[in-house]
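Written below as structure tokens is the structure these notes are about.
The values are calculated or read from the model by the stated rules, or taken from the named source; none is laboratory data. Given the structure is predicted, the values throughout are model-derived calculations rather than measurements. FYI the Cβ positions are ideal-geometry reconstructions off the backbone, even for glycines, and counts take in every protein chain you see. Only protein heavy atoms, including side chains, enter the accessible area calculation; ligands, DNA and RNA are left aside. Shrake-Rupley method; radii C 1.70, N 1.55, O 1.52, S 1.80 Å.
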Amino acid sequence: MEVDQATLQNEVEQRRTFAIISHPDAGKTTITEQMLKLGGAIRQAGTVKGRKTGKFATSDWMEVEKQRGISVTSSVMHFNYDDKQVNILDTPGHEDFSEDTYRTLMAVDSGVMVVDTANGIEAQTEKLFKVCRMRGIPIFTFMNKLDRDGREPIDLVEELEEVLEIDAFPMNWPIGSGTSLIGVYDIYHNRIEFNDPDEWNEGELYLPLNEEGEIEGEHRLKEDRLYEQVLEEVELLKIAGNEFSEEAIAAGELTPVFFGSALTGFGVQSFLETFLEFAPEPTPTIDEEEHEIEPTDEEFSGFIFKIQANMDPRHRDRIAFVRIASGQFIPGMNVTLSRTERDFRLNNSTQFMAEDRKIVKHAVAGDIIGLYDTGNFQIGDTIYAGKEKITYKDLPQFTPEIFMKVEAKNVMKQKSYHKGIEQLVQEGAIQLYKNYYTGEYILGAVGQLQFEVFEQRMNNEYNSEVVMSPLGNRIARWIDPEQLQDDMSTSRSLLAKDRDDQPVILFESEFAIRWFTGKYPDVELYSLL
């Protein structure tokens, strides 16, 4: 169903596409579930702690995720709320899968950062925040687990500002925590939100405040010492804190901070509604020629930021996830793959609720759609309609740090073995190399957990057991083919080929690199970044 320009403009303005980032176990998958429940997309919020009962988080759909109780791949979900179409990308928190997260952050217009109030800003949160800062996208912060005893709110906000070097504006402020949690003082809406409305406010979730920011008339909360404490703390925030600025939020210079509990759902609805008020609609995308492609441009374009194999184990399918950057998608439309200049007809496309899917009949800039892929697409590919060629900038790639030799345990299952390696490598979490002389397969990854997940998926999804032999930590450096010499491959500098048959040397240490450059001073080595 093709729409006119005015309708396209209106539909694009309704889109809100964001990623949720955090350190492992901070609660980002749980807050995702609560938002899906608020949007009517699911009836009951799942939890990764429900393994014994068989109840899992909607976004943790892979078998390996259910067994381990963690997210190891980005999930795409969408729902409608308050006249907005919301596209959520729930990302892996584990650092071994940060590549998937980094690429996902290239496909969103804003980010939600979930922080555990007991632990504050942790290492993975800091890494992912820096990617968002690099892109200049707005960041909204949810201080989670307020229903448990945690650190002082003022310490958390100060740490956020100092470690991440961003200004913060508390949108609400806790009234107690853990077992003494009463609720939050909602600074932005000038009201109090109760954790247990039945106990404190005759079943009403919110209690409006007067112009001075205080409770008008009689109320039992006024008799509690925490009420006077929160009034003093909020007054101090208003005097000494940062000013609220929509412009600073949009520029990624100020993060609105919300306190709540994703597990119980407390504060999530207020967060979602306020987030949708200030989160940006789809913004222009920059192509490799530094041109801005407006989301409301008539011609369709998009880029592939993720490829996932076996989302439906019954059909062994591959899905290429596309962020629509401009125009509108219509089933049956013709597009060109920029890398090969080959034309395709897009007949089958889907939208997702984790692994559940439905056929897409219409989508516009800001939406995420999945294309069935028979091996034509690669991560970072641009597809476009129209005569004018568009190529978007490359997505980030990362040099692996740990390497393993891999072979099939059963030589009679070579077909499924090779198919499994080909498809899992194309997802981008692990990289494939071959010994330059013997052709033996070598896998490279950022973290050990990637190998464990690879081995488990090869067995579960391709019925192919593998034998993996560690090569240990190696430093990968690429070399011009014309500069290769036969004696370069040693025990300290293993010569291999990457997926594009480009020569790469896997050095065992920085010392080995220095020795190599001393012996071959005219040879130039380079890394992916």
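Yes or no: the range 365-377 includes at least one residue that is modelled with pLDDT of 80 or more, among the charged types (D, E, K, R), over 22 Å from residue 430 (Cβ atoms) and surrounded by fewer than 19 Cβ atoms within 10 Å (Cβ to Cβ).
No, because not a single residue in the range 365-377 is modelled with pLDDT of 80 or more, among the charged types (D, E, K, R), over 22 Å from residue 430 (Cβ atoms) and surrounded by fewer than 19 Cβ atoms within 10 Å (Cβ to Cβ).
Taking strands (runs of 3 or more DSSP E) that fall entirely within the range 416-529, which contain at least 2 residues that are farther than 30 Å from residue 381 by Cα?
So the answer is 466-473, 493-497.
Take the residues of the range 427-456 that are at pLDDT 90 or above and of a type in the set (D, E, K, R): which is nearest to residue 372 (Cα to Cα)?
Here the residue is 434.
If the requirement is being among the hydrophobic types (A, V, I, L, M, F, W, C), open to solvent by 40 Å² or more (accessible area, probe 1.4 Å) and more than 21 Å from residue 281 (Cα to Cα), which of these qualifies: 240, 250?
Checking each option against the conditions leaves just 240.
Somewhere in the range 395-406, is a residue over 29 Å from residue 286 (Cβ atoms), over 27 Å from the mean Cα position of the chain (by Cα) and not basic (Lys, Arg)?
yes
Can you tell me which of (1) in a loop (DSSP other than H, G, I, E, B); (2) open to solvent by less than 10 Å² (accessible area, probe 1.4 Å) is the one residue 147 doesn't meet?
With respect to (1) in a loop (DSSP other than H, G, I, E, B); (2) open to solvent by less than 10 Å² (accessible area, probe 1.4 Å), residue 147 is out only on (2).
Pairs only if they're at least six apart or on different chains, beta carbon under 7 angstrom, first in the range 383-406 and within 28 Å of residue 327 (Cα to Cα), second of a type in the set (Phe, Trp, Tyr); list them, first residue then second.
Short answer, once both residue conditions are applied: 384/300; 385/300; 390/384; 392/303; 395/305; 396/102.
Which members of the range 492-529 meet the condition of being touching a residue at least 40 places away in the same chain (Cβ under 8 Å), open to solvent by 40 Å² or more (accessible area, probe 1.4 Å) and of a type outside the set (A, V, I, L, M, F, W, C)?
497, 499, 524, 526, 527
Counting only residues that are in a loop (DSSP other than H, G, I, E, B) and among the β-branched types (Val, Ile, Thr), which one in the range 281-301 is most open to solvent (accessible area, probe 1.4 Å)?
Among those that are in a loop (DSSP other than H, G, I, E, B) and among the β-branched types (Val, Ile, Thr), it is 283.
Filter the range 168-196 down to the residues that are of a type in the set (Gly, Ala, Ser), within 14 Å of residue 258 (Cβ to Cβ) and surrounded by fewer than 23 Cβ atoms within 10 Å (Cβ to Cβ) and list them by number.
168
Where in the range 166-279 are there helices (runs of 4 or more DSSP H), lying wholly inside it, with at least 1 residues that are in contact with a His (Cβ under 8 Å, 6 or more places away or on another chain) and closer than 21 Å to residue 143 by Cβ?
268-278
How many residues does the range 423-438 hold that are free of Cβ contacts under 8 Å to residues at least 24 places away in the same chain and either closer than 29 Å to residue 304 by Cβ or of a type in the set (D, E, K, R) (or both)?
0
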